[in-house]
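The structure appears right after this line, and notes come after that.
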Amino acid sequence: MRHIVIGTAGHIDHGKTALVKALTGIDTDRLKEEKERGISIELGFAFLRLAAGTTLGIVDVPGHERFVKTMLAGVGGIDLVILVIAADEGVMPQTREHLHICELLGIRRGLVALTKKDLVDPEWLELVQEEVRAFLAGTFLQEAPIIPVSALTGEGLGELRDELARLSAESHPRRRDGVARLPIDRVFTIRGFGTVVTGTLWSGSLAVGDEVAILPKDLHSRVRRLQVHNENMERASAGQRAAVNLPGLETEQIERGDLLCLPDTLRVSTSLEATLALLPDAPRSVANRTRVRFHLGTVEILARVIILDREKVNPGEEAYVHLRLERPTAAMMHDRYVLRSYSPATTIGGGIILDPCPPPKRRRRPEVVAHLKILEQGSSRDRLLELLKSSSTFPLTLSTLRSVASLDAESLAEHMQQLLAEGRVITHKGREGETYLHREVYEDLRETIVGLLKQFHAQQPLREGISKEELRSRLGRGVSPSLFAQLLNDLTEGGAVTQDRDRVRLTAHQPRLSPAEAALTQRLETLYRKAALQPPTADAAFKEVGADRRSAQAVFFRLVEQGTLVKIKNDLYLHRETYEQVKARVLAYLAQHSSISVPTFKDLLGLTRKHAIPYLEHFDQIKLTRRAGDERVLYGT
Ligand SMILES: Nc1nc2c(ncn2[C@@H]2O[C@H](COP(=O)(O)OP(=O)(O)OP(=O)(O)O)[C@@H](O)[C@H]2O)c(=O)[nH]1
Ligand SMILES: [Mg+2]
């Protein structure tokens, strides 16, 4: 079974809808307004059964210049185009614009239907054919058949149908094993079933029962019912137009331009990097930061063009660009997109997505251009390595890698196996399962950690180490907790780093105390030991030992860090010996009694009520005890 989708294209009133109806019997102008005005406003959908088991999906697009946006949403997923040119009018502005769009989208095959043959005489028809042939020169349709037809008399329709059959037999089928992607072009409700979305499956397949996600909002649902060409199906695959019934979602939550896919397969981004080819007849050059309309799949998003390899892009030139979108979307490497000028909206160019999730805010830099060159021209292995090296979040799962690198599962697995064997890529078991990162990225991270520790020790020579959470946040760059733990363990095994509970330090680091600091440490420790259950506030202690606050604080926190002083609550610290005694008293009491009350505790230790409560709260907090009404019982009883 071949699945092919055909789109119409061409100027307003040239007979696209009439031709689709003559071919299929289906009138795709369904709206009242379309009937009244005699023009197409929305996309129309039909299908044509050919012999040899092929059913062609047909998307009929509007020709009006105001609806080019709709046209773009319609032709995003097509394999073949029927460029409709009325024999009595010949090539007109949207004939040109629609052909440009098809070229920019990388459509490779199609034919020209020279419609309204019945309105012209043979000489005229010949002239128009010559005009059209000249117009097609240099485009993908330059060798395409030009078939005169009349929707009115039926003349030429047989030949047209034969050509369509021939072309679809020659078309390369889309990849069914790819990542399932369906850019949504319609959303509506069917009574009794609820929300239904339609679109052309660009790649992969969908089956009844599949869990699905709608991007960029990341709404979740499942495929309850699936139709292709008005028939219920268990599965739809690449190149088919499908209607998908999604329970639990309202039509208001979804719109044309959203993308239906399987959960956790695609990543959304507001930054994209791509090639940009400006049409030779674009009205003007594109300057840096120009605001444009970006079209990909069925979506239109306003965006700014950041030019990466030159000052401006002139008509007919090709450049590397960073696209900053005003709303996120999910793209894949090698997707084709179209740009239209902001106002007046006309098609000016387009290109190929190279990096679907680059770091945001990139500017013109030689290394960015080098990166994009590899993504554009490199082998699939080089592209994979480049993406692993440049990804702004990591590590990456296989399914994310597969979609950003546009690789099929098999070749991705092969590449990864080899790269792992060569040691160029490292695996990591994270919350998302098996993930991968480039060895250089991993080593960079390790070096950064060591650098951060050095910096910390230089700034805080008395501190034993930095807390792990603090270190991870200084590392930035979206390192997951589990990857961070792996990095630390790796450094610890190598001996460079020592971990002590929630703290980390360089093994070589020895907190150095000056003689004055050592003396101060001694005095503070003695003070707290003696004070026992009546400890001073930190400030009072500093005064008492005759030290200024700044130098005393470092020494003080070192005592806390080492565990010599134990924090009960803000500004209430006990010497560890006193603390252990208090704890032992409570435990001993609770060994003989089922619970302890505040008054009992206070009497046991000779404290005032005000002072007693913080200790009990502290014990609750460290899960030694827990509250049971007014009393405390042992935690876990
Ligand atoms: N005589 C004649 N009239 C035709 C033929 N094909 C279309 N028409 C007429 O041309 C007009 C426009 O046809 P449509 O099919 O609506 O044109 P369209 O290209 O779909 O127009 P838009 O969708 O608005 O761009 C209608 O009045 C049709 O009846 C034909 O082969 N012969
Ligand atoms: Mg029409």
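Within the stretch 52-78, can you find the residues that are polar (S, T, N, Q) and within 16 Å of ligand 1 (Cβ to nearest atom)? Quick ask: steps written out before the conclusion?
So in the stretch 52-78, the residues polar (S, T, N, Q) come out as 54-55, 70.
Residue satisfying the conditions is Thr70 alone.
Can you go through Leu574, Leu616 and tell me which one is assigned to a helix (DSSP H, G or I) and either among the acidic types (Asp, Glu) or modelled with pLDDT of 90 or more (or both)? Spell out how you get there, then give the answer.
Numbers: Leu574 fails: assigned to a helix (DSSP H, G or I).
Answer to the check: Leu616.
Does the stretch 1-18 hold any residues that are of a type in the set (Val, Ile, Thr) and within 9 Å of ligand 2 (Cβ to nearest atom), and which are they? Reasoning before the result, please.
Taking the stretch 1-18 first, the residues of a type in the set (Val, Ile, Thr) are 4-6, 8, 12, 17.
Within the stretch 1-18, Thr8, Ile12, Thr17 meet the criteria.
Contact list please: Cβ distance under 9 Å, first residue in the stretch 535-550 and touching a residue at least 40 places away in the same chain (Cβ under 8 Å), second residue surrounded by 16 or more Cβ atoms within 10 Å (Cβ to Cβ) and assigned to a helix (DSSP H, G or I), pairs at least six apart or on different chains.
Pro535/Leu527; Pro535/Tyr528; Pro535/Ala541; Pro535/Thr578
Kindly indicate whether any position in the stretch 385-402 is polar (S, T, N, Q) and at pLDDT 90 or above.
So the first thing to find is which residues in the stretch 385-402 are polar (S, T, N, Q), and the list is 390-393, 397, 399-400.
Checking which are at pLDDT 90 or above leaves us with none.
No, there is no match, as no residue in the stretch 385-402 is polar (S, T, N, Q) and at pLDDT 90 or above.
Regarding Leu56, is this residue within 21 Å of Thr298 (Cα to Cα), at pLDDT below 95, of a type in the set (A, V, I, L, M) and surrounded by 21 or more Cβ atoms within 10 Å (Cβ to Cβ)? Walk me through it before giving the result.
Numbers: within 21 Å of Thr298 (Cα to Cα): yes; at pLDDT below 95: yes; of a type in the set (A, V, I, L, M): yes; surrounded by 21 or more Cβ atoms within 10 Å (Cβ to Cβ): yes.
Spelling it out, Leu56 is indeed within 21 Å of Thr298 (Cα to Cα), at pLDDT below 95, of a type in the set (A, V, I, L, M) and surrounded by 21 or more Cβ atoms within 10 Å (Cβ to Cβ).
Counting only residues that are farther than 17 Å from Arg256 by Cβ and open to solvent by 60 Å² or more (accessible area, probe 1.4 Å), how many does the stretch 191-222 have?
7
Please verify whether the stretch 602-614 includes one or more residues that are touching a residue at least 40 places away in the same chain (Cβ under 8 Å) and open to solvent by less than 20 Å² (accessible area, probe 1.4 Å).
Yes, the conditions are met somewhere in the stretch 602-614.
Can you name the residue in the stretch 44-53 that is more than 10 Å from ligand 2 (Cβ to nearest atom) and open to solvent by less than 10 Å² (accessible area, probe 1.4 Å) and, of all such residues, is farthest from the chain's Cα centre (by Cα)? Before you say what the answer is, go through the steps one by one.
Filtering the stretch 44-53 for residues more than 10 Å from ligand 2 (Cβ to nearest atom) gives 45-53.
After this cut, where a residue has to be open to solvent by less than 10 Å² (accessible area, probe 1.4 Å) as well, the list is 46, 48.
Numbers: Ala46: 33, Leu48: 36 Å.
It comes out as Leu48.
Out of all the residues in the stretch 46-54, is one or more aromatic (Phe, Trp, Tyr) and out of contact with any Gly (no Cβ under 6 Å at 6 or more places or on another chain)?
Start the filter on the stretch 46-54 by keeping residues that are aromatic (Phe, Trp, Tyr), which leaves 47.
Now narrow it down to the ones that are out of contact with any Gly (no Cβ under 6 Å at 6 or more places or on another chain): none.
So far as the stretch 46-54 goes, no, none of its residues is aromatic (Phe, Trp, Tyr) and out of contact with any Gly (no Cβ under 6 Å at 6 or more places or on another chain).
Which ones in the stretch 19-42 are aliphatic (A, V, I, L, M), near ligand 2 (Cβ under 10 Å from one of its atoms) and buried (at least 21 other Cβ atoms within 10 Å of the Cβ)? Don't jump to the end; show me each part of the working.
Step one: of the stretch 19-42, the residues aliphatic (A, V, I, L, M) are 19-20, 22-23, 26, 31, 39, 41.
Restricting the remaining residues to those that are near ligand 2 (Cβ under 10 Å from one of its atoms) gives 19-20, 39, 41.
Residues satisfying the conditions are Leu19, Val20.
Across the stretch 534-577, what is the total count of residues that are surrounded by fewer than 15 Cβ atoms within 10 Å (Cβ to Cβ), of a type outside the set (Lys, Arg) and more than 48 Å from the chain's Cα centre (by Cα)?
Total meeting the criteria: 8.
Could you list, in sequence order, all residues of the stretch 440-475 that are more than 27 Å from Thr521 (Cβ to Cβ) and either touching a residue at least 60 places away in the same chain (Cβ under 8 Å) or touching a helix residue (DSSP H, G or I) at 6+ places or on another chain (Cβ under 9 Å) (or both)? Spell out how you get there, then give the answer.
Let us first name the residues in the stretch 440-475 that are more than 27 Å from Thr521 (Cβ to Cβ), namely 440-451, 472-475.
Across the stretch 440-475, the qualifying residues are Glu440, Val441, Tyr442, Leu445, Arg446, Thr448, Ile449, Val450, Arg472, Arg474, Leu475.
Which one is most open to solvent (accessible area, probe 1.4 Å) among residues in the stretch 109-127 that are under 28 Å from Ser171 (Cα atoms) and more than 10 Å from ligand 1 (Cβ to nearest atom)?
Looking at residues that are under 28 Å from Ser171 (Cα atoms) and more than 10 Å from ligand 1 (Cβ to nearest atom), I get Arg109.
Which pairs do you get when a residue that is free of Cβ contacts under 8 Å to residues at least 24 places away in the same chain, found in the stretch 34-47, comes within reach of a residue that is of a type in the set (A, V, I, L, M) and near ligand 2 (Cβ under 10 Å from one of its atoms), reach meaning Cβ atoms under 7 angstrom, with the pair 6+ apart or on two chains?
Glu34/Ile41
Name every residue in the stretch 468-513 that is within 19 Å of Phe557 (Cα to Cα), open to solvent by 30 Å² or more (accessible area, probe 1.4 Å), in a strand (DSSP E or B) and modelled with pLDDT of 90 or more, in order of residue number. Break it down into steps so the answer makes sense when it comes.
Pass one, the stretch 468-513, residues within 19 Å of Phe557 (Cα to Cα): 468-471, 499-506, 509-513.
After this cut, where a residue has to be open to solvent by 30 Å² or more (accessible area, probe 1.4 Å) as well, the list is 468-470, 499-503, 505, 510, 512-513.
Then drop every residue that is not in a strand (DSSP E or B), which leaves 499-500, 503, 505.
Those that are within 19 Å of Phe557 (Cα to Cα), open to solvent by 30 Å² or more (accessible area, probe 1.4 Å), in a strand (DSSP E or B) and modelled with pLDDT of 90 or more: Gln499, Arg505.
I need the strands (runs of 3 or more DSSP E) fully contained in the stretch 317-431, keeping only those with at least 3 residues that are open to solvent by 60 Å² or more (accessible area, probe 1.4 Å). Outline the logic, then answer.
Numbers: elements: 318-330, 336-341, 347-355, 425-430.
By residue number, 318-330.
I need every pair where a residue in the stretch 360-380 that is farther than 18 Å from Ala405 by Cα has its Cβ under 6 Å from the Cβ of a residue that is surrounded by 13 or more Cβ atoms within 10 Å (Cβ to Cβ) and at pLDDT 90 or above, sequence separation at least 6 or different chains.
From residues that are farther than 18 Å from Ala405 by Cα, the pairs are Pro360/Ser271; Arg362/His322; Arg364/Leu308.
When you scan the stretch 62-73, do you find a residue that is in a strand (DSSP E or B), closer than 21 Å to Val338 by Cβ and either more than 16 Å from ligand 2 (Cβ to nearest atom) or in contact with an Asp or Glu (Cβ under 7 Å, 6 or more places away or on another chain) (or both), even just one?
Filtering the stretch 62-73 for residues in a strand (DSSP E or B) gives none.
No, there is no match, as no residue in the stretch 62-73 is in a strand (DSSP E or B), closer than 21 Å to Val338 by Cβ and either more than 16 Å from ligand 2 (Cβ to nearest atom) or in contact with an Asp or Glu (Cβ under 7 Å, 6 or more places away or on another chain) (or both).
If I filter the stretch 27-51 down to residues being in contact with a helix residue (DSSP H, G or I) (Cβ under 7 Å, 6 or more places away or on another chain) and either of a type in the set (Val, Ile, Thr) or in a loop (DSSP other than H, G, I, E, B) (or both), which single residue comes out as farthest from ligand 1 (Cβ to nearest atom)? So that I can check it myself, show each step before the final result.
Within the stretch 27-51, the first condition is being in contact with a helix residue (DSSP H, G or I) (Cβ under 7 Å, 6 or more places away or on another chain), and the residues that meet it are 27-29, 40-44, 46-48, 50.
Pick out the ones that are also either of a type in the set (Val, Ile, Thr) or in a loop (DSSP other than H, G, I, E, B) (or both) and you get 27-29, 40-43, 50.
On the way: Asp27: 10, Thr28: 8, Asp29: 7, Ser40: 3, Ile41: 8, Glu42: 10, Leu43: 10, Leu50: 22 Å.
Result: Leu50.
Looking only at residues that are part of a helix (DSSP H, G or I) and either at pLDDT below 95 or among the charged types (D, E, K, R) (or both) in the stretch 76-108, which one is most open to solvent (accessible area, probe 1.4 Å)?
The selected residue is Arg96.
Does the stretch 8-16 include one or more residues that are more than 11 Å from ligand 1 (Cβ to nearest atom) and outside any loop (DSSP other than H, G, I, E, B)? Break it down stepwise before answering.
Here is the first cut: in the stretch 8-16, the residues more than 11 Å from ligand 1 (Cβ to nearest atom) are none.
Looking for residues that are more than 11 Å from ligand 1 (Cβ to nearest atom) and outside any loop (DSSP other than H, G, I, E, B), one finds none in the stretch 8-16, hence no.
Can you run down the residue pairs with Cβ atoms below 8 Å, 6 or more apart or on separate chains, where the first is in the stretch 505-524 and free of Cβ contacts under 8 Å to residues at least 60 places away in the same chain and the partner is open to solvent by 90 Å² or more (accessible area, probe 1.4 Å)?
Once the first residue is free of Cβ contacts under 8 Å to residues at least 60 places away in the same chain and sits in the stretch 505-524, its partners that are open to solvent by 90 Å² or more (accessible area, probe 1.4 Å) give Leu506/Lys454.
So which strands (runs of 3 or more DSSP E) are wholly in the stretch 133-251 and hold at least 3 residues that are more than 29 Å from the chain's Cα centre (by Cα)? Steps first, answer last, please.
On the way: elements: 146-148, 181-190, 194-200, 205-207, 211-215, 219-222, 225-228, 235-237, 241-245.
Output list reads 146-148.
The values are calculated or read from the model by the stated rules, or taken from the named source; none is laboratory data. All values reported here derive from a predicted model rather than from experimental measurement. FYI the Cβ positions are ideal-geometry reconstructions off the backbone, even for glycines, and counts take in every protein chain you see. SASA here: full protein model, heavy atoms, side chains in, ligands and nucleic acids out. Shrake-Rupley method; radii C 1.70, N 1.55, O 1.52, S 1.80 Å.
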